[in-house]
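Derivation of every value follows stated rules applied to the coordinates shown; laboratory data play no part. It should be emphasised that the depicted structure is a prediction, and the values quoted were computed from it without experimental measurement. Glycine also receives a Cβ, built like all others from the backbone with ideal geometry; neighbour counts cover every protein chain displayed.
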Amino acid sequence: MSRRAALPGIAVVVPALFATVAVLVFAVRELSGTTPLSNGPMRNVAEAAGAGQSSEVLRLLRDGDDPRRFWPVRPEIISSYVTRPTGLEAAIWGGRNIVELLDQRGFIADDGTRVHLTCLAKDAGKTEVVEYLTASGAPSCETGAAFASVKDRSLQR
Amino acid sequence: MDSSGAESDPAGGATRWTWLAYGYGALVVCALGYGLLGMPVQLSDSLNNIVEASQGSLSHLLVSNFWARGYLRPFLWGLIRVVFDLSNGHYFEWFRGWHVAQVAVLVALFVALLRVRRATDAAAVPLGLAALIGIHTFWGTVREAFPINTFMTILLCCYGAAWLALGPPRWWRDVAAALLVIFAALTVESGLLVGVVFVAAWLAGARGLSRAGVAGQVALVAGYFVLRFMVLDIGSPGLTERSSGFGFGMIDRAELAARFGANPLPFYVYNVGTSLLSLLMSEPRGGIFVTTQRVLTGDWRLLNLVSVGASLLGTCLIAAFVWQRRGEWRARRFTRDDQLVAIFLAVAAANAVICYAYTKDVILSPAGAFYALALAVAARHFLARTSPTMMGTAVASVVMLLLSTGWAFRAVAAQIDLRHAAGVVRGEWVYVDRWLEEQDVVPATDADRAIVAQLHDDAVFRHPMRPPLVGHWLKWFEE
C-alpha cells in the first residue's frame with residue numbers, strides 16, 4: 001500500500017477488525033466461564049423463572065431444583081425488593097408461560113398457593129398471569145399484602 | 001494501477017496479504033460460528049421438515065418432491081435427508097455444524113473472489129466481510145434454518161458460480177457450471193440467479209466458461225421454465241397468497257385483492273422497485289418504509305439510521321467506481337474488479353425482479369452477498385485513488401472510517417440478533433407439545449417421537465441457553 005493510502009487504509013480496517021476481535025474476545029471469555037455484558041448463568045430455578053427463561057427453568061427442574069422452596073435471587077434479576085422468593089413467586093415476574101409451565105408440572109398443587117400467587121400477580125400488575133390463575137374463579141385479595149410478604153422476606157436476609 | 005486509477009488484475013500467485021486475508025476470514029468464521037452454534041435446531045420450519053425428510057428412501061423423497069404441487073424444490077429435501085442420514089441421531093452437531101461449514105465456505109469464496117494480492121486488497125477485506133454479515137439481507141440466512149438454510153445454500157452456489165466464471169478457461173468448469181445451476185434451481189427458485197451470474201460474468205468478459213458453456217446455462221434456465229410452467233404446471237406465486245408490505249404497513253390478502261386484483265402490475269412494479277431500494281439503501285424493508293416512518297414519528301432507532309447511512313455511503317462508493325470505469329466498460333475492457341461489480345449489478349436487477357410477487361429481506365440475499373463484494377472492490381479502488389494531498393487523505397480517511405464503522409456496527413447487530421433468536425427458539429422447544437397441538441401435528445411413529453424428543457433435549461438440556469445480554473446499550477442494536 002502506498003504511503004498516501006495508509007491512513008485511509010487504517011481507517012477502513014480498524015473498525016471492522018475491532019468488531020470481529022470484540023466478538024471473539026467475548027466468545028473466548030464466555031467459553032472460559034464468564035459471560036461479559038450479562039447477569040451470567042441463572043443460579044437456580046427462581047432466577048430462571050424470574051428472568052422468564054423457560055428453557056432454563058425446565059433444565060433446572062430436571063437437575064432437581066424445587067420451585068416451591070425459597071431461593072436467593074440476585075437483585076438485578078427481578079428487583080432489589082424480591083431477593084428471596086419461591087420459584088413459583090418468581091415465575092409471576094417471568095410471565096404467564098412460566099407459571100403455566102410450573103402449573104402443568106404439578107407445582108401449584110393446593111388452593112392456598114394458587115390464591116397467594118394470584119394476589120401476588122395482582123400486586124405486581126401481571127394481568128396475563130392473573131387471568132391464567134383465576135380461570136376457575138378469582139379470590140379476594142388484600143391489596144399489597146402478598147407483595148409485602150415477599151418484600152419482607154427479602155429484607156430479612 | 002492503470003491510467004484510470006483501476007488496479008490492474010493481479011494474476012500472480014498468493015502473497016502474504018492473501019494469507020492474511022484468509023486468516024482474517026477464519027476469525028470472522030469463528031466469531032459467527034460461535035453464534036451459530038449457540039442456536040439449536042429450530043422448532044418451526046425445521047421439525048416438520050426433518051420428520052418429513054426422514055420418511056422413505058432418498059430417491060423416493062427426490063421423486064415425490066419433483067412432482068409435488070406448488071413448489072419445485074427436490075434438492076432442498078434431498079440435502080436435508082443426506083445430512084439427516086449422516087447425523088446418525090446427532091442432529092444438533094450435524095445440522096448446526098453444517099450451517100457453520102456453509103459460512104466458512106462462503107467466507108473463503110468471498111476472499112477468493114476478491115483475489116487479495118496487495119495491501120490495498122487486504123485492507124478492503126474486513127469492510128467487505130462486515131458488509132457480508134451486516135447487510136440486512138444476510139440475517140435471514142443465519143437466524144433461521146429449515147434445518148438447512150436454503151438461502152445460504154444459494155449464496156454458496158452464486159459465489160461458486162462467480163468463482164467458476166472468473167477463473168481460467170477449463171472444460172470442467174462448463175460441466176461444473178451446468179451441475180451447479182441444476183442443483184441450485186431445483187433447490188429453491190432464487191437458485192436461477194446462478195445462471196444470471198454466469199451470463200453476466202461472460203458478458204463482462206470472464207471466460208472461465210466457454211461460449212458453449214454459457215449457452216448451456218441459458219438453455220438450462222429456459223428448460224427450467226418449460227419444466228415448471230408447461231410440463232409440471234406449477235406456475236408462480238399468486239398475488240394474494242400472502243399479506244405483503246406496502247407503504248408504511250402490511251396489507252392483508254383481502255386488501256391486496258381489492259386494490260390490485262384487477263391490475264397487479266403496479267404492485268409488482270412496487271415490489272421490484274422497493275427491493276432494489278432495499279438492497280441499495282436498507283430502506284424499505286420487505287416493502288415497508290420502516291425507517292422513514294420512524295423518523296417521521298420521532299420513534300427512530302439508532303440501528304435503522306446506521307443501516308441506511310452505511311448502505312447509502314457504500315452505494316455511493318460503488319456508484320463512483322462504476323462512474324470512473326464507464327469509459328473502460330464502454331470499450332469492453334474489463335478488469336476482474338469490473339467483472340465482480342458487473343455481476344453485482346446483474347444479480348441485483350434479477351434478484352429484484354424475482355421479488356415481483358413478494359419481497360422479503362432474505363430473498364434478496366444473493367444480491368446482498370454480491371453487494372458486499374462490490375463494496376470491497378469499490379473500497380480498494382477508492383484507496384488506490386486516494387489523493388496525495390493532505391485534504392484528500394483526510395477526506396478519504398473520514399469516508400473509510402464512517403463506512404467501516406457503520407458496517408461493523410451492523411455486523412455486531414447481526415451477532416446480537418442471532419443470540420437473541422437462539423433464546424427465542426429454545427423457548428419454543430419448551431412448549432413443543434403445545435406447538436404440535438396448534439399445528440395439528442402428531443408424531444405418528446416411535447421414530448418420529450424419538451426425533452422430537454432428541455431435538456427437544458438438544459435445545460434445552462444438552463446445549464443450554466447462553467446467558468442473555470443485558471444493558472441499556474442493547475437498545476442501540478435493536479431494530
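Couple of notes before you dig in:
- Dividing the mean sequence gap of close Cα pairs (under 8 Å, 6+ apart) by how many residues region A:45-155 holds gives a relative contact order of 26 percent.
- Close amide H contacts of A:SER38 (hydrogens built in the peptide plane, cut-off under 5 Å, sequence separation of 5 or more or a different chain): B:VAL470.
- Loop-resident sites, region B:154-263, for chymotrypsin sites (Phe, Trp or Tyr not before Pro), counting at most 14 other Cβ within 10 Å (DSSP): B:PHE248
- Pairwise Cα distances in region B:265-354 exceed 17 Å in 58 percent of cases.
- Proxy reagent accessibility, fewest Cβ within 10 Å first, across A:SER38, A:SER32, B:SER307, B:SER44: A:SER32, B:SER44, A:SER38, B:SER307
- Shown for B:ILE234, B:ILE50: other C-beta atoms within 10 Å of each C-beta, ranked fewest to most, produce the order B:ILE234, B:ILE50.
- Between A:ARG29, A:ARG43, A:ARG62, the GNM of chain A built on Cα springs shorter than 10 angstrom shows A:ARG29 fluctuating the most.
- Order of B:LEU86, B:LEU276 - criterion: other Cβ atoms within 10 Å of each residue's Cβ, fewest first: B:LEU86, B:LEU276
- Span-like helix criteria (full DSSP H runs; alpha carbon extent of at least 18 Å along the helix axis; mean Kyte-Doolittle hydropathy of at least 1.0) are satisfied in chain B by B:16-37, B:74-87, B:97-114, B:119-134, B:150-166, B:171-185, B:211-225, B:265-281, B:302-324, B:336-354, B:365-384.
- Computed Rg/Rh of region B:41-84, alpha carbon atoms with Kirkwood Rh: 0.95
- Dimensions of region A:45-155 along the principal axes, based on C-alpha atoms and rounded to the nearest Å, stand at 35, 31, 20, largest first.
- Low-density loop cleavage sites - chymotrypsin sites (Phe, Trp or Tyr not before Pro) in region B:49-131, where at most 15 other Cβ are within 10 Å (DSSP): B:TRP67, B:TYR71
- Computed extension length for B:VAL231-B:ASN88: 47.8 nm, one decimal, from 0.36 nm per residue of separation with the Cα-Cα distance subtracted.
- From the Kirkwood radius over Cα pairs of the protein assembly as shown, Stokes-Einstein at 25 °C and 0.890 mPa s returns a whole-number translational diffusion coefficient of 91 µm²/s.
- Whichever aspartates and glutamates have a C-alpha closer than 18 Å to that of A:LYS126, once near sequence neighbours (fewer than 8 apart) are set aside: A:GLU47, A:GLU89, A:GLU100, A:ASP103, A:GLU142
- Rounded to the nearest 0.05, the FRET efficiency derived from the C-beta distance between B:HIS472 and B:GLN55 at R0 = 45 Å is 0.35.
- One Cα centroid belongs to region B:385-443, the other to region B:202-243; the line between them spans 32 Å.
- Once backbone amide H atoms are built at 1.01 Å from N, B:SER54 has no partners under 5 Å, excluding neighbours fewer than 5 places away on the same chain.
- Per-residue [θ]222 nm for chain A (sum of -39500 (n - 2.57) over DSSP H runs n ≥ 4, rounded to 500): -18000 deg cm²/dmol
- Between region B:86-134 and region A:55-123, the alpha-carbon center distance in angstrom: 43
- Legend: translational diffusion of region B:249-298 by Stokes-Einstein, Rh = Kirkwood radius over C-alpha pairs, 4 °C, 1.567 mPa s; D = 110 µm²/s.
- Å³ per residue enclosed by the Cα convex hull of region B:304-449: 181
- Take the Cα radius of gyration of region B:404-446 and divide it by 2.2 N^0.38 Å, N being the number of residues; the result is 1.86.
- Spacing of the two label points (7 Å from each Cα toward its C-beta) at B:ARG253 and B:ALA450, in nm: 3.8
- Within the same chain, aspartates and glutamates fewer than 8 places from B:LYS475 are excluded, and of the rest, those with a Cα less than 15 Å from its Cα are B:ASP299, B:ASP417.
- In nm, spacing of pseudo-spin labels at A:ALA138 and B:VAL441 (7 Å Cα→C-beta vector): 3.8
- Considering chain B, its Cα convex hull presents a mean projected area of 24.9 nm².
- Residues in region A:126-157 that a label on B:ASP433 would reach, taking backbone N under 16 Å of a point 7 Å out along Cα→Cβ: none
- B:TYR268 versus B:VAL398: modelled label distance in nm, points set 7 Å from Cα along the beta carbon direction: 4.6
- Residue-averaged [θ]222 nm for chain B, counting only DSSP H segments that reach four residues, each worth -39500 (n - 2.57): -21500 deg cm²/dmol
- Sequence-separation-based contact order of chain B, relative, with Cα cut under 8 Å and 6+ spacing, percent: 22
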